[in-house]
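Student: What follows is a single structure, and I will ask about it in a moment.
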2 protein chains.
Amino acid sequence: MGRDSFDERLDRLTGVLARMSRDAGTAIRQASVALLDVDRYAAETVIAGDLVLDRCRAQAEQMIPEVLVRHQPVASDLRLVLSALRIAAALERMGDLAAHIAKVVLMRHPVGVVPQPAVPVLAQMAEAAARMADKTTVLLATRDRLDAMQFGLDDDEVDAAQESLLSMLVSEWPYGVESAIDLALVGRYYERYADQAVNVARQIVDLDAGTLRR
Amino acid sequence: MGRDSFDERLDRLTGVLARMSRDAGTAIRQASVALLDVDRYAAETVIAGDLVLDRCRAQAEQMIPEVLVRHQPVASDLRLVLSALRIAAALERMGDLAAHIAKVVLMRHPVGVVPQPAVPVLAQMAEAAARMADKTTVLLATRDRLDAMQFGLDDDEVDAAQESLLSMLVSEWPYGVESAIDLALVGRYYERYADQAVNVARQIVDLDAGTLRR
């Protein structure tokens with residue numbers, strides 16, 4: 001093990017991040033199925049999967065001493081490792097947010113959370129969030145700077161959808177206050193999920209810049 | 001600088017954390033003043049202060065290479081540094097959450113966000129959150145394990161207050177859906193603030209355990 005290079009150990013760490021990114025994408029897709037199809041099983045799967053993501057983050061953090069300790073670290077290595085830790089934290093948070101959506105579904109089950117008029121806007125948020133998760137996974141492999149810059153557009157789409165959801169809730173919402181609060185929160189979870197994906201993309205660019213500097 | 005010991009450099013890092021903790025406490029107090037007294041100036045102060053907290057976190061992260069680089073790191077040092085980074089992240093997040101409250105106030109200003117019936121429960125959340133921030137600051141200095149365990153009680157108080165706020169909003173709320181959504185979100189920001197304070201307390205205990213192990 002001592003013969004492994006720093007790069008090999010860093011690759012193992014980024015392997016954990018790639019898995020977390022796939023899992024965070026699966027989580028938001030399943031949370032959206034739970035939400036839009038009123039699927040209790042999907043909701044429970046998301047919540048179980050969140051624990052796996054939590055453990056993966058802990059695993060990533062536990063790898064840091066091993067990545068650095070037998071190596072005389074230079075400042076750029078440490079920056080790389082800090083970026084990796086921030087990515088792990090953001091991906092774990094994405095899993096948390098998917099689980100928050102799933103919990104709202106379970107709390108109201110068997111009643112659905114999304115009345116018909118709100119289905120299109122939630123479906124749009126769901127689709128944009130899932131797309132961002134997929135791009136994150138690809139980006140971890142390619143580290144393409146131009147792809148990373150595209151994240152802002154998807155994020156704007158989610159923010160705009162959240163705005164139109166809130167407008168709908170406050171202007172013409174015959175389904176009651178409880179429903180409006182549920183949907184405002186669910187919309188916010190998608191919005192935060194998208195923000196964290198942007199955060200990951202930004203860190204991946206830093207990770208790449210760090211690699212190039214070395 | 002090279003002659004500084006690891007411990008001296010770690011002390012400078014924890015000094016930044018202590019400052020961040022005080023600032024996170026000031027932020028939630030001012031956010032609560034903004035909210036309950038409809039004070040635009042207080043809200044703007046919170047938002048400006050949030051940028052300072054963001055910079056302090058970046059400063060804490062930038063100190064890590066210096067803390068570790070001239071030192072042959074052992075696993076327990078790295079764990080200490082990881083705890084310090086998690087504390088910085090949680091304190092920055094507490095600042096973000098106070099700023100989220102301030103932004104709701106500004107969005108509605110000069111109209112107040114909190115109608116009279118909701119004042120007591122919000123005041124209770126505000127007071128518990130401020131108390132937790134103060135305890136965090138003390139805990140960073142004392143690292144008293146028993147004090148850290150008390151955080152759960154304050155957190156339960158905030159969670160219970162959020163529950164009773166939500167019950168109030170869904171059962172007897174004559175102020176409209178927009179008001180209910182604003183308050184549900186504000187309550188959630190306090191709840192998350194308290195969660196992050198618990199998170200900090202847990203990490204401080206780890207920080208201390210790390211120090212004792214060395």
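Student: Using Cα springs under 10 Å in a Gaussian network model of chain A, which residue among A:Arg12, A:Arg29, A:Arg143 shows the largest mean-square fluctuation?
Tutor: A:Arg12
Student: For the range A:30-179, what does the relative contact order come out to in percent, with C-alpha contacts under 8 Å and a separation of six or more?
Tutor: Worked out over the range A:30-179, it gives 30 percent.
Student: Using the C-alpha gyration tensor of the protein assembly as shown, what are the square roots of 5 times its eigenvalues, in whole angstrom, with the largest one first?
Tutor: 36, 28, 18
Student: What whole-number volume per residue, in cubic angstrom, does the convex hull of the C-alpha atoms of chain B give?
Tutor: Taking only Cα atoms, chain B has a hull volume of 102 Å³ per residue.
Student: Roughly how many percent of the accessible protein surface of the range B:102-163 is carbon and sulfur, given a 1.4 Å probe and a whole-percent answer?
Tutor: Carbon with sulfur: 60 percent of the solvent-accessible area.
Student: Could you pull out every one of the lysines with an alpha carbon less than 21 Å from that of B:Lys103, ignoring same-chain neighbours closer than 8 positions?
Tutor: Within reach: none.
Student: Using a 10 Å cut-off on Cβ atoms, rank the peptides A:110-117, B:176-183, A:196-203 from the highest mean neighbour count down.
Tutor: The densest-packed peptide leads the list: A:196-203, B:176-183, A:110-117.
Student: A further question on this structure: Which aspartates and glutamates have a Cα less than 14 Å from the Cα of B:Lys135, not counting those fewer than 8 places away in the same chain?
Tutor: Counting by Cα, and skipping residues close in sequence, B:Lys135 has these aspartates and glutamates nearby: B:Asp23, B:Glu127, B:Asp144, B:Asp147, B:Asp154, B:Asp155, B:Asp195.
Student: Let me ask you something else. Please work out whether the range B:113-214 counts as rounded, prolate or oblate from its C-alpha gyration tensor, where a ≥ b ≥ c are the square roots of the eigenvalues and a/c under 1.5 means rounded, while otherwise a/b larger than b/c means prolate and anything else oblate?
Tutor: Since a/c reaches 1.5 and a/b is larger than b/c, the shape of the range B:113-214 is classed as prolate.
Student: Using the per-residue mean of other Cβ atoms lying within 10 Å as a proxy for protection, in what order, highest first, do the peptides A:150-163, A:33-46 fall?
Tutor: Highest mean packing first, the order is A:33-46, A:150-163.
Student: Are there residues in the range A:23-70 whose accessible area shrinks by at least 30 Å² when all protein chains are included rather than the chain by itself, and which are they (probe 1.4 Å, ligands and nucleic acids not counted)?
Tutor: A:Glu61, A:Pro65, A:Val69
Student: Follow-up. Distance in nm between label sites at A:Arg145 and B:Glu172, each 7 Å beyond Cα in the beta-carbon direction?
Tutor: So the two model labels end up 6.2 nm from each other.
Student: Oh, and also: Please give the residues from the range A:79-120 for which the solvent-accessible area of heavy atoms, probe 1.4 Å, is smaller by at least 30 Å² with all protein chains in place than with the chain isolated.
Tutor: A:Leu82, A:Arg86, A:Arg93
Student: A further question follows. How much accessible surface does A:Ile64 have with a 1.4 Å probe, in Å² rounded to 10?
Tutor: Accessible area, nearest 10 Å²: 0 Å².
Student: From the helices alone, meaning DSSP H stretches of at least four residues, give me the mean residue ellipticity at 222 nm for chain B, per-run term -39500 (n - 2.57), in deg cm²/dmol to the nearest 500.
Tutor: -31000 deg cm²/dmol
Student: For the interface of chains B and A, what total accessible area is buried with a 1.4 Å probe, rounded to the nearest 100 Å²?
Tutor: 2400
Student: Cα axis of helix A:177-213 to longest principal axis of chain A: angle in degrees, 0 to 90, nearest 10?
Tutor: 20
Student: Give, ordered by residue number, each residue of the range A:163-180 whose 1.4 Å probe accessible area is reduced by a minimum of 40 Å² on adding the remaining protein chains to the chain alone.
Tutor: Flagged in the range A:163-180: A:Val170, A:Val177.
Student: In whole angstrom, note down how far apart the Cα centers of the range A:108-151 and the range A:13-45 are.
Tutor: 11
Student: So with the 1.4 Å probe, I'd like the accessible area per residue for chain B, rounded to whole Å².
Tutor: 43
Student: Can you classify the range B:1-119 as rounded, prolate or oblate using the Cα gyration tensor, where a ≥ b ≥ c are the square roots of its eigenvalues, rounded means a/c under 1.5, and otherwise it's prolate if a/b beats b/c and oblate if not?
Tutor: prolate
Student: Can you compute the FRET efficiency between B:Asp159 and A:Arg22 using 1/(1 + (r/R0)^6), with r the Cβ-Cβ distance and R0 = 22 Å? Round to the nearest 0.05.
Tutor: Efficiency, from the Cβ-Cβ distance: 0.10.
Student: Another question about this same structure. I'm checking a number: the convex hull volume of the Cα atoms of the range B:79-141, normalised per residue, in Å³. What is it?
Tutor: Taking only Cα atoms, the range B:79-141 has a hull volume of 81 Å³ per residue.
Student: ³J(HN,Hα) across the range A:126-140 via Karplus (A = 6.51, B = -1.76, C = 1.60, θ = phi - 60°), whole Hz, x for Gly/Pro?
Tutor: Coupling constants for the range A:126-140: 4, 5, 5, 5, 5, 4, 5, 4, 4, 4, 4, 5, 4, 5, 4 Hz.
Student: Could you please put B:Lys135, B:Lys103 in sequence from largest to smallest accessible area, using a 1.4 Å probe?
Tutor: So the residues, ranked largest to smallest area, are B:Lys103, B:Lys135.
The values are calculated or read from the model by the stated rules, or taken from the named source; none is laboratory data. Remember, predicted model here, so these are calculated numbers, not experimental data. Backbone-built Cβ (ideal geometry, glycine too); neighbour counts: all protein chains shown. Side chains included, ligands, DNA and RNA excluded: accessible areas come from the protein's heavy atoms. Shrake-Rupley method; radii C 1.70, N 1.55, O 1.52, S 1.80 Å.
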